[in-house]
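Student: Below are the structure tokens for one structure; questions will follow.
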Amino acid sequence: MKIHQLILIFSALALCLSGCRGAKLSTANEQMERGEYFDASKTYRKVYNKLTKREERAQRGEVAFKMAECHRRLNQYARASAAYQNAARYGYTDSVLYLRLGQMLMAEGKYAPAVKALTDYLEWKPGDKLAQNALAGARMGLEKKGETRYVVKNAKLFNSRRADYSPMFLDGTFKTLYFTSTNEKATGTRKSEITGMKKGDIWFVTQDEQGKWKRPEAVEGELNTDADEGSVAFSPDGSTMYLSRARREPNANTGVEIYTSQRSDAKWSAPVKFEITADTISSYSHPAVSPDGQWLYFCSDMPGGQGGLDIWRINLKERQGSLENLGEWINTPGDEMFPTFRTDSVFYFSSNGHPGFGGLDIFRAELTRSGGWNVSNMGRPVNSSADDFGMTFGEGEQGYFSSNRTDGRGYDHLYSFELPELKIQLSGWVLDKDEEPVPNAVIRIVGNDGSNQKQLAKPDGSFSFPLDRGISYVMLAGAKGYLNAKQEFTSDTAEEDAEYSVDFILAPVNKPVVIDNIFYDYDRATLRPESKTALDELAQVLRDNPNVTIEMASHTDRHGSEAYNIDLSSRRAKSVIDYLISVDIEPERLQSQGYGKSRPKTITKKLNREYPQFPEGTVLTEEFINTLTPEDQDAADQINRRTEFQVLSIDYQMF
């Protein structure tokens, strides 16, 4: 964020070194007071290198601190933290050193030493809100919290070898993007005394007919000058530009003002100063227009704020008496800047005063019903340990912002961001009781959000639906010749991709269906407690198919007399019927039948997979079982001992 500093903090900084002597040191102090941080840092370095005597240690520590202050304002964080540590080594006594050191270490991503420095500072200043918030942010960074699903990429097409920052879409078409650049083609030949780079110009880039971005180009006409042009904003119709411009005069403090320019035939007029107050000492920058076009938001160091740079607003239609500070919900003792609006009740801004990951972080502010603002950190990777600022949204959850991350020289560059849509998928299979695909199965899924989807399963029985998070769904699968099957499902609320699996097992109408896991006491018809789950599932099938009547049949193995087995199986089938009636299934829909050992089971594909010793289609008659080994005889007897149901009709109470 090196270049935009001259757009941020241009008020005079009364940081003179009282008692210091020498032409070079006085020159450095004057440069510092005027906000010429780049020139001042070089002068302080020369003075620092000359202070080598033991009796000059205290003065060297003081110069090191002032040199660190210059590097801090130039966003040269590694140089700043090194200079602050030198100041501490030479006995500089102002406790604010540890606050500044902690902030610089955070900007380098060195959270552990930052926690120590900030903790040390808070021992001297326990009530300092800025330090408390910084410490909270350092711990957040140390614990690696705040990760989001945003995808951030360097917008290489837009970036130069110098600083490029503060992107802003022209209008709601999102086909023209403006930003500020200090590349070598910027207007003017002199380099800034503040940053050591060329002064910024307004550039723009447009999309071609295929929606691809062209190469950036400077705005033509009278908009760009040899002064510093900074961040821009536009009226809702894109006809008026609001821009920051640095006021720079020889041997005078640097200040920033807001100007307006009008667009006509794709060209911008010469900027005209936008008068906010009669205060000519304070700076006014980073304009943003509310979506309804009624308010101009901006940042300023004028009196009456929370400290540092604050975000203010003024009514564009009735300026007189409308100026107001956004208050302590938004503003802190640190710096708040770069506001940009998404809706009339949601805007984004950057701050180094709220808890963040270092430098400037981007925050989201949402208007509450009580008239306050709910402020939340945008998290990583949108935010980093460096400066992140100047966000603008295109369509949906995507757009651009600026950051000096990964640039050791502190240059700002443009980055794209996008929040990918959550991929929540429900997939599964529609199979019959033998685990074979059900042809032409139809699956319906209805959500409590009003969504309603319908799909035909593929020939292999598979299906797949996109879902939304945190929604409860009712799902129904059916096919001709089969009973319907219903399931309920609620997707997770977590903001992460997820894939869920649900299978439907459909019972055929034209053949018996074995109910697994039905258990009786030995030689009795009493249902054991572990049978309840399977019977409750059967009851639900009957509820999902209210026009169906069934026969409930019980079968025994080959042991015992015919009369004994008929009686036992009849009583067992009756006990199942009694249970279904007890859970409110109509008695008229139920019949019981005991078949004893008269209907041996035929081996299906599913049974063959479970018992490969029995070929598919084999009928487990008593004669066949007697030819088997004792072990296989036990397996065959187990298969024959079963409880199953058969659909009798599908038109119960339909007429």
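The values are calculated or read from the model by the stated rules, or taken from the named source; none is laboratory data. These numbers were taken from a predicted model, which means no experiment stands behind them. Because the Cβ atoms are built from the backbone with ideal geometry, glycine has one as well, and the counts that use them run over all protein chains shown.
Student: Are there strands (runs of 3 or more DSSP E) fully within the range 411-497 with at least 3 residues that are surrounded by fewer than 16 Cβ atoms within 10 Å (Cβ to Cβ)? List them.
Tutor: 452-456, 462-467, 485-490
Student: Across the range 395-416, what is the total count of residues that are polar (S, T, N, Q), within 30 Å of Cys70 (Cβ to Cβ) and at pLDDT 95 or above?
Tutor: The qualifying residues number 2.
Student: Show me the helices (runs of 4 or more DSSP H) entirely contained within the range 585-655 in which 2 or more residues are of a type in the set (S, T, N, Q) and under 17 Å from Asn565 (Cβ atoms).
Tutor: Where helices (runs of 4 or more DSSP H) fall fully within the range 585-655 and carry at least 2 residues being of a type in the set (S, T, N, Q) and under 17 Å from Asn565 (Cβ atoms), they are 630-640.
Student: Related question: Please specify each residue of the range 521-530 satisfying the condition of being without any contact (Cβ under 8 Å) to a residue 24 or more places away in the chain and either outside the structural domain of Glu551 (by TED's automatic domain parsing) or not in a loop (DSSP other than H, G, I, E, B) (or both).
Tutor: Correct list: Pro529, Glu530.
Student: Now, a different point. Take the residues in the range 340-379 that are of a type in the set (Val, Ile, Thr) and surrounded by 24 or more Cβ atoms within 10 Å (Cβ to Cβ), then tell me which one is nearest to the chain's Cα centre (by Cα).
Tutor: Ile362
Student: Something else about it: Within the range 235-249, can you find the residues that are buried (at least 23 other Cβ atoms within 10 Å of the Cβ) and out of contact with any Pro (no Cβ under 9 Å at 6 or more places or on another chain)?
Tutor: The one that is buried (at least 23 other Cβ atoms within 10 Å of the Cβ) and out of contact with any Pro (no Cβ under 9 Å at 6 or more places or on another chain): Arg248.
Student: For Val151, all conditions in the list (1) in contact with a Ser or Thr (Cβ under 6 Å, 6 or more places away or on another chain); (2) of a type in the set (A, V, I, L, M); (3) loosely packed, with under 14 Cβ neighbours inside 10 Å hold save one; what is the number of the exception?
Tutor: (1)
Student: With the condition kept exactly as written, say whether any residue in the range 409-422 is of a type in the set (Lys, Arg) and under 23 Å from Phe347 (Cβ atoms).
Tutor: no
Student: Okay, next question. Answer yes or no as to whether Gly293 is closer than 17 Å to Asp335 by Cβ, within 36 Å of the chain's Cα centre (by Cα) and modelled with pLDDT of 90 or more.
Tutor: No, not satisfied.
Student: Hey, another quick one. Identify all residues within the range 548-582 that are of a type outside the set (Gly, Ala, Ser) and either part of a strand (DSSP E or B) or not assigned by TED's automatic domain parsing to the domain that holds Lys532 (or both); write none if there are none.
Tutor: Thr549, Ile550, Glu551, Met552, His555
Student: Still on this structure: Specify which of the listed residues (Leu105, Leu99, Leu74, Leu51) is touching a Pro at 6+ places or on another chain (Cβ under 6 Å) and buried (at least 18 other Cβ atoms within 10 Å of the Cβ).
Tutor: Leu105
Yes/no matrix, rows are residues, columns are (1) hydrophobic (A, V, I, L, M, F, W, C); (2) outside the structural domain of Ser290 (by TED's automatic domain parsing); (3) out of contact with any Leu (no Cβ under 9 Å at 6 or more places or on another chain):
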{"position": "Lys129", "(1), (2), (3)": "no, yes, yes"}
{"position": "Leu170", "(1), (2), (3)": "yes, no, no"}
{"position": "Thr182", "(1), (2), (3)": "no, no, yes"}
{"position": "Thr195", "(1), (2), (3)": "no, no, no"}
{"position": "Val205", "(1), (2), (3)": "yes, no, no"}
{"position": "Trp213", "(1), (2), (3)": "yes, no, no"}
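Residues checked against (1) modelled with pLDDT under 95; (2) within 26 Å of Arg409 (Cβ to Cβ):
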{"site": "Gly35", "(1), (2)": "yes, yes"}
{"site": "Phe38", "(1), (2)": "yes, yes"}
{"site": "Lys53", "(1), (2)": "yes, no"}
{"site": "Gln59", "(1), (2)": "yes, no"}
{"site": "Arg72", "(1), (2)": "yes, yes"}
{"site": "Asn75", "(1), (2)": "yes, yes"}
{"site": "Ala83", "(1), (2)": "no, yes"}
{"site": "Arg100", "(1), (2)": "no, yes"}
{"site": "Ala107", "(1), (2)": "yes, yes"}
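Student: Right, another one. Could you give me the residue pairs with C-beta distances under 7 Å whose first residue belongs to the range 504-520 and is aromatic (Phe, Trp, Tyr), whose second residue is surrounded by 20 or more Cβ atoms within 10 Å (Cβ to Cβ) and not in a strand (DSSP E or B) wherever it lies, and which are 6+ apart or on separate chains?
Tutor: Tyr520/Arg572
Student: If you check Lys597, Lys606, which single one turns out to be surrounded by 16 or more Cβ atoms within 10 Å (Cβ to Cβ), farther than 30 Å from Met475 by Cα and assigned by TED's automatic domain parsing to the domain that holds Arg524?
Tutor: Every option except Lys597 fails the conditions.
Student: If I ask for residues that are surrounded by 15 or more Cβ atoms within 10 Å (Cβ to Cβ) and either polar (S, T, N, Q) or within 19 Å of Ile362 (Cβ to Cβ) (or both), which ones from the range 155-173 would you list?
Tutor: Listed by number, the residues that qualify are Ala155, Phe158, Asn159, Ser160, Ala163, Asp164, Tyr165, Ser166, Pro167, Met168, Phe169.
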